[in-house]
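K.L.:
For reference, the structure I am asking about is given below.
The values are calculated or read from the model by the stated rules, or taken from the named source; none is laboratory data. Model, not experiment: these values are computed from the prediction. Reconstructed Cβ throughout: ideal geometry from the backbone, glycine too, with neighbour counts over all protein chains shown. To get the accessible areas, we keep the full protein, side chains included, count just its heavy atoms, and leave off ligands, DNA and RNA. Shrake-Rupley method; radii C 1.70, N 1.55, O 1.52, S 1.80 Å.
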Amino acid sequence: MRSLPLLAAASLALTACATTTTTQTTVYVPVAPVVTPSSLTPQPVILFNKTKNGRKLFTLNEEFPYCDPGTGKVIVVPRWYVTDFASVPWFGQGVIDPQGPTARAAIIHDYLYAIGETGKREEADDIFYRAMINFGVTEWTARTAYTAVRTGGEKGYGLKDDWSFINPTQPDKAQPAPFAKPKTGAVRVMSKCIGFKELIQTGWRAYPIVTPVLNVPASVTVTEKTGPTDWVQDKLPWPKKKKDEKK
């Protein structure tokens, strides 16, 4: 009988001196999209079964930033913008393939023509020429394409139907424009384009993608007391009280 009081006393002493507390906190962290720098080379996606005047249509899977060294204007073609690379009129396409080396410059030119800023068509053509040279198009090809748009591009400037956007994952669904047509194609001006590439590499976007706001539950904290005396309490003759047992 004397062993029972001794065990009880030992249990209390060990509980007071050796009990440890373990705390675990569960925090719900929403999964955020990975921010990647805007690409200096666009990734057009072909829109199957969609054509314009017999030409295949493409949409940009990501916004396409470009800085014109002649004016310092930063032109950013938004994602999902629809283009047919047809900056070159039909009579120039016999020697210039709209989907060939001039394609990247044609996207920029096509976008500037879609905006149709008053009095800026010649500037748009000049930007087209410099972009072709910048993207490695030969002088002869660039000059031929430039002459073609200067000669026959006037009727295609500022057409309402050219302000068009399509989500490539839903090509058959009407996609409203992400914003109203701006009055100018430049989002900013950087003298001689100094710092432009560094700006792009920071992940800067001219048209940030709005992500939905997630309702994140509050963090849950659970605290449990454990210690080496648990084995002693299990040996006691009286049962251990449960947490939900009424006193």
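K.L.:
Restricting attention to region 20-78, report how many residues are open to solvent by 60 Å² or more (accessible area, probe 1.4 Å), over 23 Å from the mean Cα position of the chain (by Cα) and at pLDDT below 85.
P.N.:
17
K.L.:
Let me ask something additional. If you check every pair at least six apart or on different chains, which have Cβ atoms under 8 Å apart with a residue in region 181-192 that is within 7 Å of residue 115 (Cβ to Cβ) first and a residue that is among the charged types (D, E, K, R) and not in a loop (DSSP other than H, G, I, E, B) second?
P.N.:
Here the result reads 185/73, each pair linking region 181-192 to a residue that is among the charged types (D, E, K, R) and not in a loop (DSSP other than H, G, I, E, B).
K.L.:
Looking at (1) exposed (fewer than 11 other Cβ atoms within 10 Å of the Cβ); (2) modelled with pLDDT of 95 or more, which one does residue 208 not meet, given that it meets all the others?
P.N.:
(2)
K.L.:
Follow-up question, since we're still on this one. Within region 137-176, count every residue that is in contact with an Asp or Glu (Cβ under 9 Å, 6 or more places away or on another chain) and of a type in the set (Gly, Ala, Ser).
P.N.:
3
K.L.:
Continuing with this model, one more query. Just to verify a result, which residue in region 177-200, among those that are over 16 Å from residue 69 (Cβ atoms) and open to solvent by 80 Å² or more (accessible area, probe 1.4 Å), is modelled with the lowest pLDDT?
P.N.:
178
K.L.:
Name every residue in region 109-123 that is more than 17 Å from residue 84 (Cα to Cα) and either touching a helix residue (DSSP H, G or I) at 6+ places or on another chain (Cβ under 6 Å) or β-branched (Val, Ile, Thr) (or both), in order of residue number. Outline the logic, then answer.
P.N.:
So the first thing to find is which residues in region 109-123 are more than 17 Å from residue 84 (Cα to Cα), and the list is 117-123.
Passing the criteria: only 118.
K.L.:
Any chance you could count how many residues in region 117-164 are among the small types (Gly, Ala, Ser) and open to solvent by 20 Å² or more (accessible area, probe 1.4 Å)?
P.N.:
To start, the set of residues in region 117-164 that are among the small types (Gly, Ala, Ser) comprises 119, 124, 131, 136, 142, 145, 148, 152-153, 156, 158, 164.
This time we only want the ones that are open to solvent by 20 Å² or more (accessible area, probe 1.4 Å), so: 119, 136, 152, 156, 158, 164.
Total meeting the criteria: 6.
K.L.:
Could you run through region 83-106 and say how many residues are surrounded by fewer than 22 Cβ atoms within 10 Å (Cβ to Cβ), among the β-branched types (Val, Ile, Thr) and modelled with pLDDT of 80 or more?
P.N.:
Matching residues across region 83-106 total 0.
K.L.:
Scan region 119-140 residue by residue and report those that are more than 24 Å from residue 65 (Cβ to Cβ) and either touching a residue at least 40 places away in the same chain (Cβ under 8 Å) or charged (D, E, K, R) (or both).
P.N.:
Within region 119-140, 139 is the sole residue that qualifies.
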